[in-house]
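Below: the structure, in structure tokens.
The values are calculated or read from the model by the stated rules, or taken from the named source; none is laboratory data. Worth saying up front: this structure is predicted, and the values here are computed from it rather than measured. Glycine also receives a Cβ, built like all others from the backbone with ideal geometry; neighbour counts cover every protein chain displayed.
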Amino acid sequence: MPQINLMRYLNATTLFNNITAITRGVQRFRVKKFVANEPYFLAEITKQKDAQPKDKEEFSALMDNIKDLAEKIINIDPNI
């Protein structure tokens, strides 16, 4: 099975008893099923097309919410 790097791992931290991984997307995809978790996660995926927002105001509001949440997380653990 060919392996393609669809996201790049940047950092991880434990927050509220959960492991949070910070990644940078390279390609949009949907996980069909996980096939391994050692030594790293491996999944069967389907690639997704990049979607353009239909409602630019809603998209802008969602991006603002994401930025606010990211800032709160970073304030909780600045080592991210």
Exactly one of A12, A43 is at pLDDT below 75 and not acidic (D, E), and that residue is A12
Subset of segment 18-40, residues in a strand (DSSP E or B) and modelled with pLDDT of 80 or more, comes to F29, R30, V31, K32, K33, F34, V35, A36
Residue pairs qualifying under the 9 Å Cβ cut-off, at least six apart or on distinct chains, with the first in segment 37-58 being surrounded by 10 or more Cβ atoms within 10 Å (Cβ to Cβ) and the second being in a helix (DSSP H, G or I), are P53/F59; P53/S60; P53/L62
Residue count, segment 46-66, condition modelled with pLDDT under 80 and of a type in the set (S, T, N, Q), comes to 1
Looking across segment 42-80 at residues that are part of a loop (DSSP other than H, G, I, E, B) and in contact with a strand residue (DSSP E or B) (Cβ under 9 Å, 6 or more places away or on another chain), the single one that is nearest to R30 (Cα to Cα) is Q48
